[in-house]
Amino acid sequence: MEMQGQLDEFSYQCGVMDAFCEVVAAGVKRLALSHPCDTPAQRDALLPAAQALARKYRIHLAAEDALLITDLFPAAANRGKYQILFFKEPATLRAYEALKAQKRELLDAGRYAGAAREGIARAFGRLLSYDDASIDAYLAANTDRE
């Protein structure tokens, strides 16, 4: 992106977070994710700005050290990365954590495959407020699965 080269990375990330906070506050998205950071320190450097944005838009955030990896997005884009979750209702964070727990249970039972695996990805897409057509497109396009 040409314009990004004119901005420092921190300012760019803050702009992205501002936009996501606005759409979460407006109810357009239940859950939004910051861009992935390579280290906890990079993510943590964004937290004061993220907290200020969350206050401005009257929403919540949570630092995430192990994002739910599903077939919705390329695994390499999020595995081992650090992010910030933005949400309006605490129930959204609980639903996200429950989805992560459900995936762990399926993995532990050796049943994270087929319809169960796709179901986790689709549920994550719905938490991110994607419609079915968008979820279908993301699933079809993703060739980097864990």
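None of the figures in this text is laboratory data; all of them are computed from the coordinates on show. All values derive from a computational prediction rather than experimental measurement. We place every Cβ from the backbone using ideal geometry, glycine too, and count neighbours over all the protein chains shown.
Distances between placed amide hydrogens fall under 5 Å for Glu64 paired with Gln83, Ile84, Leu85, all partners being 5 or more residues away or on another chain. Against the set (i) 2, 9, 20, 21, 18, 13, 9, 6, 1, 0; (ii) 2, 10, 17, 20, 22, 16, 8, 4, 1, 0; (iii) 2, 10, 21, 25, 23, 14, 4, 1, 0, the structure's computed P(r) over Cα pairs in 5 Å bins from 0, in percent falls on (ii). Within straight-line reach of Lys56, meaning a Cα separation under 18 Å, sit the following lysines at least 8 residues removed in sequence or on another chain: Lys29, Lys88. Each of Ala25, Ala91, Asn142 was scored by the projection of its Cα onto the charge dipole of the chain, and the greatest displacement toward the positive side belongs to Ala91; charges sit on the C-beta of Lys, Arg, Asp and Glu. Computed 3J(HN,Hα) for region 116-126, one whole-Hz value per residue from the Karplus formula 6.51 cos²θ - 1.76 cosθ + 1.60 where θ = phi - 60°, is 5, 5, 5, x, 5, 4, 5, 5, 5, x, 5, glycine and proline marked x. Placing unit charges on the Cβ atoms of the charged side chains and taking the dipole of region 61-140 about its Cα centre, the candidate lying farthest along the positive direction among Gln102, Tyr130, Thr70 is Gln102. Computed from backbone phi with θ = phi - 60° and the Karplus coefficients 6.51, -1.76 and 1.60, the 3J(HN,Hα) list for region 99-108 is 5, 4, 5, 4, 5, 4, 4, 5, 4, 4 Hz; x is used for glycine and proline.
Backbone geometry of region 32-46 corresponds, through the Karplus equation with coefficients 6.51, -1.76 and 1.60 at θ = phi - 60°, to 3J(HN,Hα) couplings of 10, 10, 5, 5, x, 10, 6, 9, x, 4, 4, 5, 5, 5, 7 Hz, x marking Gly and Pro.
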